[in-house]
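Worksheet: the structure to be examined is printed underneath.
What follows draws every value from the coordinates through simple rules; no lab data is involved. Given the structure is predicted, the values throughout are model-derived calculations rather than measurements. FYI the Cβ positions are ideal-geometry reconstructions off the backbone, even for glycines, and counts take in every protein chain you see.
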Amino acid sequence: MKKAIIVYESVYGNTKKIAEAISVGINGVEGVECVIKKTGEIHTDNLCDYDAILFGCPNHNQEPALNLVRFIDRAAIVHLKAKIGAAFDTYTGGNKDVAVVKLEKRILEKLPGISIEGRLSAKVTGRKGPLAEDEESKAQEFGNEFGQRILE
Ligand SMILES: Cc1cc2nc3c(=O)[nH]c(=O)nc-3n(C[C@H](O)[C@H](O)[C@H](O)COP(=O)(O)O)c2cc1C
């Protein structure tokens, strides 16, 4: 059984919902199991148990949320087994992909053994949400496709 983990940050719960939808998609792939942890719920040392790591957070002032960036920075000293990863963000207005691209850059810089094989940017309809229509179903589909890549 391959193991995946989603580490996320979320203030109002929208990014958490996206993380949950992605995990439903991943868990739909036979041979892969996925858990979800908020940044404060897991120590970076525990990341070494996983075959794939996904990171997700809201866009805060055109940047990935600081708690997740700090988590990734702390993970730099951990010997990771994971070779593949993915990144996602949530955003409002016209900021699709803005934070997730920076998040990917940070991951590649700090965790160079991981190649990023999936990117998702999910729209929220206002600062507190809710998520725009279809974003959760797209996230589930994204998780399903990524889950299949873990097995490759
Ligand atoms: C302090 C702060 C700054 C934000 N700045 C941006 C921004 O620059 N661009 C953007 O698209 N959304 C911005 N947002 C909206 C967030 O992306 C939105 O609150 C988030 O996606 C909701 O996710 P969450 O429920 O997981 O916290 C900001 C939100 C906060 C709280």
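Rounded to the nearest 20, the size of the Cβ-charge dipole of the chain about its Cα centre is 460 debye, with Lys and Arg at +1 and Asp and Glu at -1. For GluC sites (Glu not before Pro), the sites in segment 1-51 that DSSP calls loop and that have at most 12 other Cβ atoms within 10 Å are 30. Beyond 22 Å in Cα-Cα separation lie the following of the pairs 102/123; 83/123; 3/83; 83/138; 3/123: 83/123; 83/138; 3/123. Please list, by residue number, everything in segment 17-59 whose backbone N is under 16 Å from a paramagnetic label point 7 Å out along Cα→Cβ of residue 117. Only 26-34, 50-55 fall inside the zone, counting backbone N under 16 Å. Rounded to a whole number of µm²/s, how large is the Stokes-Einstein D of segment 2-151 at 25 °C and 0.890 mPa s, given Rh as the Kirkwood radius over C-alpha pairs? For these conditions, the coefficient is 166 µm²/s.
DSSP finds beta bridges in segment 2-151, and of those with both partners inside it, around 10 percent are antiparallel. With the convex hull constructed from alpha-carbon coordinates only, segment 22-75 shows a mean projected area of 4.2 nm² over all directions.
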